[in-house]
Ligand SMILES: [Fe+2]
């Protein structure tokens with residue numbers, strides 16, 4: 001255990017304390033949703049800021065609709081508030097690009113709707129046992145709904161980053177403690193470790209079950225790839241050199257005309273700027289690079305003579321404790337995230353400089369594995385051995401295969417409730433609007449083994 005061991009474990013709470021914890025998490029998520037939907041006017045709520053994203057007002061009512069389906073109708077056994085709108089807010093029935101043309105609730109109706117659902121949900125929470133059914137045991141389904149709302153809040157934050165109209169978003173810049181001198185990379189020795197979890201009460205189905213995995217030794221970057229690092233790739237003609245790119249990556253780079261990370265622009269004297277939530281800011285050399293797709297990350301890694309880490313490598317670097325051999329919940333230990341440990345929860349609207357949060361580093365000294373930027377991996381999204389759909393296949397199972405690549409660690413826009421060292425995110429390798437960066441790795445040779 002480290003000094004940072006304050007942990008809220010739903011499985012260890014008495015029923016009344018668990019109800020309070022759930023109510024607190026639901027309220028915290030709702031305050032964030034209100035902030036994200038209250039930051040712009042009606043036109044910006046109903047408009048579509050990118051074909052990649054839903055109108056903000058769709059996300060808003062969709063959050064309420066999922067809460068109604070799971071907590072009111074299923075757990076509460078109640079009739080529900082608006083059974084007539086399920087189809088409109090079904091993410092699978094409607095592609096994002098088509099959502100603006102649906103008969104959506106207006107911003108005022110959406111606000112009223114989610115409030116009505118929440119009022120009834122708090123009633124259900126106080127009246128329904130949290131034991132018995134697997135769905136409600138340890139408050140799992142409430143935790144699932146909290147994470148769903150927070151995940152949509154991060155999606156709405158990405159919509160704000162894409163919009164070109166309305167007021168900019170603002171937040172204080174991170175002023176985190178920072179390690180002075182760090183080695184460029186860290187050796188993770190060969191051997192077994194426990195990947196995934198069977199004990200985390202609110203972990204989602206794709207994180208389960210815990211299983212033992214043997215990995216060969218590898219080296220991993222101590223910190224995420226910085227803008228300065230990435231600018232060297234640009235300056236060396238990285239975007240014009242097919243040999244650094246996979247065939248798919250090069251085809252996409254050509255088709256989309258990629259020349260730099262999304263939101264970057266160069267001025268007349270050659271300095272780089274990036275648009276950040278409506279404000280043009282200089283590209284800060286020591287911040288992690290942000291808004292690159294998996295193809296760009298992989299091309300950079302090849303140029304650097306390295307590769308992207310696999311998903312198990314990134315999890316081992318984040319969780320494995322060489323002293324005990326145990327896998328931790330987080331790099332720093334088993335305690336929940338705090339502002340001293342990681343840049344999470346939209347407290348800031350940008351990543352902290354590389355080398356920040358030494359108190360949040362892993363036992364081997366790898367920094368910023370949680371928070372700041374999601375990190376692309378070399379792995380596609382698949383089930384763990386023993387995977388079981390729970391509670392519905394549309395959360396994970398329908399995405400398994402070779403189309404999606406896994407991202408790990410969460411970003412400055414990820415809430416702690418939706419971020420663990422076992423948490424798995426996934427997206428198409430061409431996606432750049434998400435808050436993603438990366439770090440690189442290389443396989444260790446026999447000379448590295450002590
Ligand atoms: Fe959703």
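Okay, here's what the table says:
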| read-out | value |
| --- | --- |
| Residue match in region 92-101 (condition: closer than 21 Å to residue 45 by Cβ, touching a helix residue (DSSP H, G or I) at 6+ places or on another chain (Cβ under 9 Å), within 16 Å of the ligand (Cβ to nearest atom) and without any contact (Cβ under 8 Å) to a residue 40 or more places away in the chain) | yes |
| Scan of region 229-259 for residues that are in a loop (DSSP other than H, G, I, E, B) and surrounded by fewer than 19 Cβ atoms within 10 Å (Cβ to Cβ), ordered by number | 236, 237, 241, 246, 257, 259 |
| Filter pass, residue 252 being more than 28 Å from residue 167 (Cβ to Cβ) and more than 24 Å from the chain's Cα centre (by Cα) | no |
| Pick from region 65-74, criterion touching a helix residue (DSSP H, G or I) at 6+ places or on another chain (Cβ under 7 Å) and over 11 Å from residue 110 (Cβ atoms), ranking: nearest to the ligand (Cβ to nearest atom) | 66 |
| From 398, 389, residue being within 30 Å of residue 69 (Cβ to Cβ), at pLDDT 95 or above and not in a loop (DSSP other than H, G, I, E, B) | 398 |
| So residue 219, is it outside any helix (DSSP H, G or I) and at pLDDT 95 or above | yes |
| Search result, residues across region 127-141 that are in a helix (DSSP H, G or I), in contact with a helix residue (DSSP H, G or I) (Cβ under 7 Å, 6 or more places away or on another chain) and away from the ligand (no atom under 16 Å from the Cβ) | 138, 139 |
| Hits in region 187-212 (condition: crowded, with 17+ Cβ neighbours inside 10 Å and touching a strand residue (DSSP E or B) at 6+ places or on another chain (Cβ under 9 Å)) | 188, 193, 194, 195, 196, 197, 206, 210 |
| Test result for residue 88, buried (at least 16 other Cβ atoms within 10 Å of the Cβ), over 27 Å from residue 416 (Cα atoms) and within 15 Å of the ligand (Cβ to nearest atom) | yes |
| Filter pass, residue 145 being under 13 Å from residue 68 (Cβ atoms) and away from the ligand (no atom under 16 Å from the Cβ) | no |
| Given (1) part of a helix (DSSP H, G or I); (2) out of contact with any helix residue (DSSP H, G or I) (no Cβ under 8 Å at 6 or more places or on another chain); (3) away from the ligand (no atom under 16 Å from the Cβ), number of the condition residue 77 does not satisfy | (1) |
| First in region 143-158 and closer than 19 Å to residue 432 by Cβ, second anywhere and within 9 Å of the ligand (Cβ to nearest atom) and part of a helix (DSSP H, G or I), Cβ under 9 Å, 6 or more apart | 155/59; 156/59 |
| Subset tally (residues that are assigned to a loop (DSSP other than H, G, I, E, B), in contact with a helix residue (DSSP H, G or I) (Cβ under 8 Å, 6 or more places away or on another chain) and modelled with pLDDT of 95 or more) for region 164-210 | 10 |
| Filter result for residue 110 (modelled with pLDDT of 95 or more and either more than 30 Å from residue 16 (Cα to Cα) or within 16 Å of the ligand (Cβ to nearest atom) (or both)) | yes |
| Residue that is farthest from residue 99 (Cα to Cα), among those in region 22-64 that are more than 22 Å from the chain's Cα centre (by Cα) and either in a helix (DSSP H, G or I) or within 16 Å of the ligand (Cβ to nearest atom) (or both) | 23 |
| Residue 382 more than 30 Å from residue 172 (Cα to Cα) and not in a helix (DSSP H, G or I) | yes |
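The values are calculated or read from the model by the stated rules, or taken from the named source; none is laboratory data. It should be emphasised that the depicted structure is a prediction, and the values quoted were computed from it without experimental measurement. So basically every Cβ, Gly included, is an ideal-geometry build from the backbone, and we count neighbours across all protein chains shown.
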